[in-house]
Amino acid sequence: MSVQTLPAQESVEFSPALVSFIEEWKDKPGNLIMVLHRLQEEFGYLPRAAVIKMSQMIDVPLAKIYGVITFYHFFKLNRPGKFNIQVCLGTACYLKGGQDIIQELENLLGIGVNQVTDDGLFSVEAVRCVGCCGLAPVAVVGGEVFGKVDPEKLPEILAKFKGV
Ligand code: FES
């Protein structure tokens, strides 16, 4: 007699702080968005195994959770690069050439928005106003804000993060 087994589920560990956050929010209205934000804060993106585990903990079907994740651009399904490059495309930055930064990053790194370089070092993300419009156009690299970014200076900026 053969015994059919389910494929092994990739296991994932939640920190005690995350577990207690989920416990606290589990039965509250609007909990799904809150918990997803917290989950992404923990991992930097939303790994499938973590979403499955969370779905079981809050007793919400996986299909409903992925409906929410894919609706909001904020949620990331793929692991970002070691240094995530957020290019602001809010109105001020867009008017001052935010799109040129994205184009030049594509030339330099060979990746477009929401992609990661093969070495896992950089990822590119387009974001809305990051709150320093006076410095437009703005890019945030690995959490560091760069203002009045001239696309020609991008190699210099990227070099700062290579070999870190
Ligand atoms: S529009 Fe880019 S910082 Fe405000």
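Rank by packing, highest mean first: peptides 131-138, 68-75, 108-115, with packing defined as the count of other Cβ atoms within 10 Å averaged across residues. Walk me through the numbers before you get to the answer.
Numbers: 131-138: 17.8, 68-75: 12.8, 108-115: 15.0.
Highest mean packing first, the order is 131-138, 108-115, 68-75.
By the scheme Lys and Arg +1, Asp and Glu -1, what is the net charge of all other residues having a beta-carbon under 10 Å from that of GLU104? Can you show the working numbers first?
Details: positive: LYS153; negative: ASP100, GLU106, ASP150, GLU152.
For residues surrounding GLU104, the net value is -3.
The angle between the Cα long axis of helix 62-71 and the main principal axis of the chain comes to about 10°, on a 0 to 90 degree scale. Here the stretch 16-71 is treated with +1 on each Lys and Arg Cβ and -1 on each Asp and Glu Cβ, and its dipole about the Cα centre works out to around 180 debye.
Averaging 1/r over each pair of different alpha-carbon atoms in the stretch 31-101 and inverting the result gives 13.7 Å, the Kirkwood hydrodynamic radius. Helical runs (DSSP H, four residues minimum) scored at -39500 (n - 2.57) apiece and divided by the length of the chain put the mean residue ellipticity at 222 nm at -12500 deg cm²/dmol.
Take the convex hull of the alpha carbons in the chain; its mean projected area over all directions comes to 13.2 nm².
For the chain, CYS129, CYS132, CYS133 stand unpaired, since no other cysteine beta carbon lies under 4.7 Å from theirs. Sorting 85-94, 13-22 by their mean Cβ neighbour count within 10 Å, with the most densely packed peptide first, gives 85-94, 13-22. Taking amide H positions as modeled 1.01 Å from N, with prolines and chain starts lacking one, the residues under 5 Å from ALA126 and 5 or more places away or on another chain are VAL87, ASN114.
Report the charge-dipole magnitude of the chain in Debye, nearest 20, computed about the Cα centre from +1 at each Lys and Arg Cβ and -1 at each Asp and Glu Cβ.
Details: 15 positive and 18 negative charges, 49 e Å.
Roughly 240 debye, rounded to the nearest 20.
Quick note: the coordinates plus some simple rules give every number you see, no bench work behind them. These figures come from a predicted structure and were not determined experimentally. All Cβ positions, glycine included, derive from the backbone under ideal geometry; neighbour counts span all protein chains shown.
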